[in-house]
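Colleague: Here it is, the structure in full.
Only the coordinates and a few stated rules stand behind these numbers; no lab work does. Only a predicted model underlies this, so the values are computations on that prediction, with no experimental measurement involved. Neighbour counts run over all protein chains shown; Cβ positions are idealised from the backbone, glycine included.
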Amino acid sequence: MSTYSSLSSWQEQLRFEYPGVNFQATDHPEGVNAVCEGVLVNPGWRDHPAAPRRGTALCAFGDLVDGEGREFTFGAPDLPLRIVVVRRGDRAWAYVNCCPHNYVPLNDQPDRFVTFDHEWLICSIHGAIFRYEDGYCEDGPCRGRSLEAVDLYNDGGQLSIG
């Protein structure tokens, strides 16, 4: 997504590229940026006003169901930062809950982020599939792009923002 110098040029480009999708805008030192459910698409999740501080506790590792995902939301309802944490075996990864194709949340139901076989993260809107271990899109309209990783720290079974 390009950074635009004005809100009107940004809105016109998005209306052309994504008819019917409701985007929000925000001013940022780098220019006007796309926002996915409150997530600034260009600068990175740490620049979001609701970004949790390093060390912010999320949950116990054991509370995550193996092969599933769980969403954590930070900030006000009108500009939240949504993070998904997924687990496979003894590993867990965190990503901004925003598809790099349409800039919409991956899930359309609470905590529903994976394929039926629990092998991939999936965008419920258009079926793009992403690897757990690095968020890389293997198939779908955003093939070759990745989910934005969120630093995750496991301290004796407690997961927190890294």
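Colleague: So what is the orientation-averaged projected area of the stretch 57-161, using the convex hull of its C-alpha atoms, in nm²? Mind dumping the intermediate values first?
Modeller: Working: hull surface 25.0 nm².
Averaged projected hull area, Cα only: 6.3 nm².
Colleague: Next question. Mind checking the stretch 108-162 for GluC sites (Glu not before Pro) that DSSP puts in a loop (not H, G, I, E or B) and that have at most 10 other Cβ atoms within 10 Å?
Modeller: Numbers: sites: E119, E133, E138, E148; in loops: E119, E133, E148.
In loop regions of the stretch 108-162 (DSSP not H, G, I, E or B), the sparsely surrounded GluC sites (Glu not before Pro) are E133.
Colleague: Continuing with the same structure: Compute, for the stretch 64-162, the length of the dipole vector about the Cα centre, with Cβ point charges of +1 (Lys, Arg) and -1 (Asp, Glu) only. Units Debye, rounded to 20. List each step's numbers first, then the result.
Modeller: Working: 9 positive and 16 negative charges, 30 e Å.
Its charge dipole is roughly 140 debye.
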